[in-house]
Amino acid sequence: MKTNQSKLAACLLLVAITVGCMPPEPQEVVVYTALDQEFSQPIFERFTRETGIAVLPKFDTESTKTVALANAIIAERKRTRCDLFWNNEILNSLRLEREGLLAVYRSPLAENFPAMYRSADGRWHGFAARARVLLVNTDLVPESDRPTSIHDLADPRWKDRVGLAKPLFGTTATHAACLFAYWGDERAREFFLAVKENARIMAG
């Protein structure tokens, strides 16, 4: 009996030593990002070098961007995979907040940004801005004829000469939603119908 007890004690000691000597689980963070991989990947790699924490990114296609990632987070709500959602427009952040899918995080850097660009209770933080611009082929359009406003895109003289990102996804959808909120439904609908007559809608 004593021999068996000695063997058992030795086994437990061996197990304890083995468990105690096992390396810790590698640290990792899952990031869903709508930022293009060519720009976000170097940032992830630098973060890993500086912290030792591996980044497991989930990218998306150019045409669906933030919408598809937000839909994935909603679909996974009972078994969350995403630790950090890095997207490029606000509406889907607000959508996830309304769904109760964003956790509170008090970033130590949040105070560096105006309060209007972050959630009051720390559920999302805006840290960059985007400019909405018109790109003009200067070889084809003289300076005197160039559009100076999005209103010009509804002018029939630009028919088949205008390209527009599909206004159902990404920042173009946010821009469209803001115009509907600012102008009202009727005026915004008239504008987009006129633009639709002129423009070629791009996938991304």
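Just so you know, all these numbers are worked out from the coordinates, no wet-lab data involved. Predicted model, so just to flag it, every value in this text is computed and none were measured. Because the Cβ atoms are built from the backbone with ideal geometry, glycine has one as well, and the counts that use them run over all protein chains shown.
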Problem set entry | Matching label, volume of the Cα convex hull per residue in Å³ computed from the structure shown, candidates (i) 125; (ii) 201; (iii) 163 | (ii)
For this session: Could you point to the residue in PRO42, LEU101, LEU56 farthest towards the positive end of the range 28-117's charge dipole, with +1 and -1 charges on the Cβ of Lys/Arg and Asp/Glu respectively?
Result: LEU101
Exercise. Which ³J(HN,Hα) values, rounded to whole Hz and listed in residue order, are derived for the range 123-139 from phi using the Karplus coefficients 6.51, -1.76 and 1.60 in 6.51 cos²θ - 1.76 cosθ + 1.60 with θ = phi - 60°, glycine and proline given as x?
Worked result: 8, 8, 9, x, 9, 8, 10, 10, 9, 9, 10, 9, 9, 10, 6, 5, 7
For this session: Output the relative contact order of the chain, whole-number percent, from Cα pairs under 8 angstrom with separation of 6+ residues.
Result: 18 percent
Seminar exercise, completed: Listed by chain and number, the residues whose amide H is under 5 Å from that of LYS58, excluding neighbours fewer than 5 places away on the same chain and using placed H, are VAL31, TYR32, THR33
Problem set entry | Eligible aspartates and glutamates near LYS159 by straight Cα distance, threshold 12 Å, same-chain separation 8 or greater | GLU197
Exercise. Using modelled backbone amide H atoms (1.01 Å from N, in-plane), which distant-in-sequence or interchain residues come within less than 5 Å of ALA165's amide H?
Worked result: MET202
Seminar exercise, completed: Note on the range 28-117: alpha-carbon gyration tensor, axes a ≥ b ≥ c; rule is a/c under 1.5 for rounded, else prolate if a/b larger than b/c, else oblate; result rounded
For this session: Would you be so kind as to identify which of ASN198, THR148, TRP183 lies farthest towards the positive end of the dipole of the chain, taking Lys and Arg as +1 and Asp and Glu as -1 on Cβ and the Cα centre as origin?
Result: TRP183
For this session: State which entries of LYS78/LYS196; LYS65/LYS196; LYS58/LYS166 exceed 29 angstrom in Cα-Cα distance in the structure shown.
Result: LYS78/LYS196
Problem set entry | Relative contact order %, the range 28-117, counting alpha carbon pairs below 8 Å whose residues are six or more apart | 35 percent
Problem set entry | Residue-wise HN-Hα coupling along the range 177-192, computed from phi with Karplus coefficients 6.51, -1.76, 1.60 (Hz; x: Gly, Pro) | 4, 5, 5, 4, 5, 7, 8, x, 4, 5, 5, 5, 5, 4, 4, 5
Exercise. If you place +1 on the Cβ of every Lys and Arg, -1 on the Cβ of every Asp and Glu, and leave all else neutral, what size is the dipole of the chain about its Cα centre, to the nearest 20 Debye?
Worked result: 840 debye
For this session: Note down the magnitude of the dipole of the range 28-117 about its Cα centre, charges +1 on Lys and Arg C-beta and -1 on Asp and Glu C-beta and zero elsewhere, to the nearest 20 debye.
Result: 380 debye
Seminar exercise, completed: Counting sequence-distant residues (5 or more places) and residues on other chains, those with an amide H built under 5 Å from that of ALA199 are ASP160
Seminar exercise, completed: Only helices counted: for the chain, with every DSSP H run of 4 or more residues adding -39500 (n - 2.57) and the sum spread over all residues, [θ] at 222 nm is -13000 deg cm²/dmol
Problem set entry | Charged-residue dipole, Cβ positions (Lys, Arg, Asp, Glu), the range 143-202 about Cα centre, Debye nearest 20 | 220 debye
